[in-house]
Amino acid sequence: MTFLSTLILALAMSTDAFAAAVSKGAALRKPRFSEAIRTGLIFGVIEALTPLVGWAMGSIAAEFVSEWDHWIAFCMLLVLGCMMIRNGLKNEQEVETQVIRHSFWILAATGFATSIDAMAVGVSLAFIDNNILITAAAIGVATLVMVTLGVMVGRIIGVIAGRWAEVLGGLALIGIGTAILYEHLSVAV
């Protein structure tokens, strides 16, 4: 793979993580840059590891990953999105404040859900002339940058949207999952 194709692949793999990060940033109460970097690191590491796992699985699990990756991503994003919507719709008496920091596990689950497509890409990279370590690192760095920017963009949206930011973020995650599912199902037809 050329440098340009690696760069384009890395950016393409980070776009859904960017959208999820915007919703995460919107749900936070004035996230600091350090929280944006933390979120970017969690997403970036996961996004860098999944193509390595996919590459390692290679042809052994290629059929399983390509047949089910969109369903797994859709279900995970649907559940996370519904949880965010539920939290956003709580009565004002139940809602103390916006969260200051998302838990590691929520961020890791969201990062994994948005990186399943990178695992499938890793499987396909096992069959071409490619340095998987460089490609995985490029995907991880692109995701780190995009997610960090996404959280900070979400900060602006959160100020504008107020308590509805979490509802909008949940809808965005459901939308990402639906788009992933639609993309894969429309190709299969």
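The values are calculated or read from the model by the stated rules, or taken from the named source; none is laboratory data. Since we're looking at a predicted model, the values are computed, not measured. Positions of Cβ are backbone-derived with ideal geometry, glycine not excepted, and every protein chain shown enters the neighbour counts.
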Only unsatisfied item for F18, checking (1) at pLDDT 80 or above; (2) in a loop (DSSP other than H, G, I, E, B), is (2)
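Modelled with pLDDT under 85, exposed (fewer than 14 other Cβ atoms within 10 Å of the Cβ) and either hydrophobic (A, V, I, L, M, F, W, C) or at positive phi (or both), is that true of V95?
Answer is yes for this residue.
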What are the pairs with Cβ atoms under 8 angstrom where one residue, in region 80-92, is outside any helix (DSSP H, G or I) and at pLDDT below 75 and the other, located anywhere, is surrounded by fewer than 17 Cβ atoms within 10 Å (Cβ to Cβ) and not β-branched (V, I, T)? Sequence gap at least six, or different chains. E92/R163
Does F104 meet the test of being at pLDDT 80 or above, within 25 Å of W71 (Cα to Cα) and buried (at least 16 other Cβ atoms within 10 Å of the Cβ)? no
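To keep it simple, each residue is scored yes or no on (1) modelled with pLDDT of 85 or more; (2) in a helix (DSSP H, G or I); (3) closer than 23 Å to I8 by Cα.
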position: A108; (1), (2), (3): yes, yes, no
position: D117; (1), (2), (3): no, yes, yes
position: A137; (1), (2), (3): yes, yes, yes
position: T143; (1), (2), (3): yes, yes, yes
position: M146; (1), (2), (3): yes, yes, yes
position: I157; (1), (2), (3): no, yes, no
position: G162; (1), (2), (3): no, yes, no
position: A165; (1), (2), (3): no, yes, no
